[in-house]
Amino acid sequence: QERTFVMVKPDGVQRGLIGEIVSRFEERGLKLVGGKFMRIDEELAHEHYGEHEGKPFFEGLVEFITSGPVFAMVWEGQDAVAQVRTMMGETDPAESAPGTIRGDFGLDLGRNVIHGSDTEAGSAEREIELFFDDDELLDYERVDETWLYE
Ligand code: GTP
Ligand code: MG
């Protein structure tokens, strides 16, 4: 099964959306294998969003993501990376369909509630390693697994 890195951003935490977001992934059938309530420091922010360094919105993005606690998670399941991206909606909440997380809870591009690894090869693995030690990721079976997969 595939693993992906997901994070409720500072705006989502402040707006009381952690439970709602966790529920969506749980109910979908994805399995939580790691979770951490934490504050991102400047260095981690630069590493995590390194691909955007130099872009006009970069400094604001770093300032925002370090501005308050985030809830970092690893979710596992069939096509987890792509399924989570679909459930998140588009980068811009204004273009996100109702029913998606950003389409239901966001309005502004710079306050889009949630992060999920993109589908580029290696992205999820890189981000999981950046945020979690191996012993913080738990191997176990969910009781409904035989009913989720053919
Ligand atoms: P993440 O899950 O946060 O990585 O979002 P994403 O993968 O959907 O988008 P991307 O990686 O391209 O951009 C990272 C974050 O930077 C986005 O979630 C936005 O909050 C922010 N961002 C991207 N493009 C812009 C922009 O043009 N203007 C502003 N203000 N913010 C942007
Ligand atoms: Mg991204």
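Among LEU17, LEU61, LEU30, LEU148, rank each residue by its count of other Cβ atoms within 10 Å, from fewest to most, as a rough exposure measure.
LEU148, LEU61, LEU17, LEU30
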Karplus (6.51, -1.76, 1.60) ³J(HN,Hα), θ = phi - 60°, over the stretch 51-61, in Hz, Gly and Pro reported as x: 4, 9, 4, x, 6, x, 8, 4, 4, x, 5
With label points set 7 Å from each Cα along the Cα-to-Cβ direction at GLU95 and GLU27, the distance between them in nm comes to 2.7 nm
By the Kirkwood definition, with r running over pairs of different Cα atoms, the stretch 27-67 has a hydrodynamic radius in Å of 11.9 Å
Check which residues have an amide H placed less than 5 Å from GLU90's amide H, if you skip close sequence neighbours. SER96, ALA97
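Between GLU150 and MET38, take the C-beta separation as r, use R0 = 35 Å, and let me know the FRET efficiency to the nearest 0.05.
0.45
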Highest GNM mean-square fluctuation among VAL84, VAL74, VAL62, for the chain with Cα springs under 10 Å, belongs to VAL62
From fewest to most C-beta neighbours within 10 Å, the residues PHE5, PHE25, PHE37 line up as PHE37, PHE25, PHE5
Take the alpha-carbon centre of the stretch 57-114, take the same for the stretch 126-150, and report the distance between them in whole Å. 20 Å
Residue of GLY29, GLY122, GLY12 that the Gaussian network model of the chain assigns the largest fluctuation, springs spanning Cα pairs under 10 Å: GLY122
At what distance in nm do the modelled label points of GLU51 and LEU130 sit from each other, each positioned 7 Å from its Cα along Cα→Cβ? 0.9 nm
For each of TYR49, TYR149, count neighbouring Cβ atoms within 10 Å of the residue's Cβ, then give the residues from fewest to most. TYR149, TYR49
Highest-fluctuation residue, ARG126, ARG85, ARG102 considered, GNM on the chain with Cα pairs under 10 Å: ARG126
Taking just the C-alpha trace of the chain, give me its Rg and Dmax in Å. 14.9, 47
Charges at C-beta only: +1 for Lys and Arg, -1 for Asp and Glu. How large is the resulting dipole of the stretch 2-139 about its Cα centre, in Debye rounded to 20? 600 debye
Using each residue's phi in the stretch 112-128, evaluate 6.51 cos²θ - 1.76 cosθ + 1.60 at θ = phi - 60° and report the 3J(HN,Hα) Karplus result to the nearest Hz, with x for Gly and Pro. 9, 6, 9, 10, x, 3, 7, 7, 4, 4, x, 4, 4, 4, 4, 6, 4
Under Karplus coefficients 6.51, -1.76 and 1.60, residue-wise ³J(HN,Hα) of the stretch 79-85 in Hz, glycine/proline x: 6, 4, 4, 5, 5, 5, 4
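Quick note: the coordinates plus some simple rules give every number you see, no bench work behind them. Bear in mind that the values here come from a model prediction, so they are computed numbers and not experimental data. Reconstructed Cβ throughout: ideal geometry from the backbone, glycine too, with neighbour counts over all protein chains shown.
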